[in-house]
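I'd like to ask some things about the structure below.
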């Protein structure tokens, strides 16, 4: 369950990681899901190269339309360099207004559950915010906390 939620202005920042293109309907079927394999690749190939105090993110961008269309998803960090691997892609978290949700619990289930709450929140008829579908991102804090920032108009 979301522990808190609030609006914040984010200046924007650059990250590097692996990318795939998918849509939510494909992620519901394990035979067409791409996000879990993307994170598996990040864990095995990129995470061992992280040093210091890296921040790990999941970034959702280049939306075809809304939550039903295709989008790019990145498993990425602020401590990788495109010099490390030609497979690493750069992504920018766009500056703007974000509604930030956070929760604590066992990964990855807590992130999955929090996304369910976010979809419910934005589909409610009395929702006071409208998604911008520019850039949304997850930030993983420690081993059991996730913050999900949704771009809003």
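Order these by the 10 Å Cβ neighbour count, fewest first: 102, 81, 30. Spell out each step's value before the answer.
Values: 102 18, 81 10, 30 7.
Ranked by crowding around the Cβ, least crowded first: 30, 81, 102.
Separate question: Looking only at the stretch 74-91, which residues have a backbone nitrogen under 18 Å from a spot 7 Å from the Cα of residue 44 in the C-beta direction?
Those under the cut-off are 75-76, 85-88.
For the chain, take the convex hull of the Cα atoms, compute a quarter of its surface area, and give me that in nm², please.
On the way: hull surface 36.2 nm².
If you wrap the Cα atoms of the chain in a convex hull and average its projections, you get 9.0 nm².
Further question: How far is it, in nm, from the label point at residue 97 to the one at residue 126 when both lie 7 Å from their Cα along the line to the Cβ?
2.1
Something else: Could you work out how far helix 109-123 tilts from the main Cα principal axis of the chain, as a 0 to 90 degree angle to the nearest 10?
Value to nearest ten degrees: 40.
I've got another one for you. Within the stretch 98-120, which residues have the backbone N less than 19 Å from the label spot 7 Å out from residue 28 along Cα→beta-carbon, could you tell me?
Inside the label zone: 112-120.
Quick one: if you take sqrt(5λ) for each eigenvalue of the C-alpha gyration tensor of the stretch 99-153, what semi-axes come out, biggest first, whole angstrom? Walk me through the numbers on the way to the answer.
Numbers: eigenvalues 90, 31, 11 Å².
Those come to 21, 12, 7 Å.
Readers should treat all values here as calculations from the given coordinates under stated rules, not as data from a laboratory. The structure displayed is predicted, hence computed values, not measured ones. So basically every Cβ, Gly included, is an ideal-geometry build from the backbone, and we count neighbours across all protein chains shown.
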